[in-house]
Amino acid sequence: MEKKYKILIVEDEKELLSDLTNFFLHQNFICTQAKSVVEAQEKVYMYDYDIIVLDLGLPDGNGLEVLKYVKEIKKKAGVLILSAKGALDDNIKGLDIGADDYLTKPFHLPELNSRVRSIIRRKNFDGDDLIKFEELTVNLNQREVAINNMPLSLTQKEYELLLFFISNKNRVLTRQSIVEHLWGDDTDMFHSFDFVYSHIKNLRKKIIDAKGSNYISTVYGVGYKFEEQ
């Protein structure tokens, strides 16, 4: 079963807060809400989160105060800033303080989901931009993969699938968890998850053709496992 990540959504607009919460609940997140700087700081102090989605325009102050507090008490949560259009200075200031990314309103929920999961993956790899797994090397900044220092050409989904496998190495992943991770809220449009086999088959073949090991094993009737050799 895919790990459930904990998300703190800091937003004072009731309708948007409700939409974000419902969306991330559907994405299998454990959701907590905060509507002000003070409430957000209390939640951050009391609990640990994988990711914080942080609106800057809060009724009792600037969301950057929450970000500063996260860094002061050395919490490891990733932080994605939500800002109004034209708030470039605040966005830059937030990145300087230590935010991982920002998104300007209005935005599309699938894009927010993609950025949130990207931040979580980065945090799972201890903030490293370069991931090494046996003869595999993944450059997160450049989105490049190499085997024995030779470039490996992957599609976007194959790249995302490889990262998902590496971050869950030696764990059995069901086809459903793979689809939910890679396609998010579009999962419901699929009548079956058989197409996952094609993506895994292609990724496995590319790795082996590049003289890499066959890391992906099939756990019949359950899913797949990415194992160290």
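Rule-based calculations on the coordinates, nothing more; no lab input. Predicted model only: the values in this text are computed from it and were never measured. Every residue, glycine among them, receives a Cβ derived from its backbone with ideal geometry; neighbour counts consider all protein chains shown.
The shape of the stretch 1-87 comes out oblate: with a ≥ b ≥ c from the C-alpha gyration tensor, a/c is at least 1.5 while a/b does not beat b/c. Candidate values (i) 7, 29, 28, 18, 11, 5, 1; (ii) 7, 31, 31, 21, 9, 1; (iii) 8, 37, 39, 15, 1 were compared with P(r) over Cα pairs in 10 Å bins from 0, in percent computed on the shown model; the agreeing label is (ii). In straight-distance terms, cross-link reach from Lys211 covers every one of the aspartates and glutamates whose alpha-carbon lies under 13 Å from its own, apart from those fewer than eight places away in the same chain; here that gives Glu134, Glu135. A straight Cα-to-Cα reach below 20 Å connects Lys205 with the lysines Lys132, Lys157, Lys169, Lys225, residues fewer than 8 places away in its own chain not being considered. Comparing Gly61, Gly78, Gly94, which has the greatest mean-square fluctuation in the GNM of the chain with Cα pairs linked when under 10 Å apart? Taking springs between Cα atoms under 10 Å, the residue moving most is Gly61.
Given a cut-off of under 8 Å on Cα pairs at least six residues apart, what relative contact order in percent is computed for the stretch 6-124?
Values: 189 pairs, mean separation 26.8, N = 119.
Normalised by residue count, the contact order of the stretch 6-124 is 22 percent.
Based on DSSP, what percent of beta bridges with both residues in the chain are antiparallel, to the nearest 5? Bridges in the chain that DSSP calls antiparallel: roughly 55 percent. Dipole check for the stretch 26-72: with +1 at the C-beta of Lys and Arg, -1 at the C-beta of Asp and Glu, and the Cα centre as origin, the magnitude is about 60 Debye. Only helices enter the 222 nm calculation for the chain: every DSSP H run of n ≥ 4 contributes -39,500 (n - 2.57), and dividing by all residues gives -12500 deg cm²/dmol, rounded to 500. Projected onto their three principal axes, the Cα atoms of the stretch 105-150 cover extents of 42, 20, 12 Å, largest first.
Contact order normalised by length for the chain, with contacts defined as Cα pairs under 8 Å and 6 or more residues apart; what percent is it? After rounding, I find 14 percent.
In loop segments of the stretch 125-167 as defined by DSSP, the trypsin sites (Lys or Arg not before Pro) with at most 14 further C-beta atoms inside 10 Å of their C-beta are Arg143.
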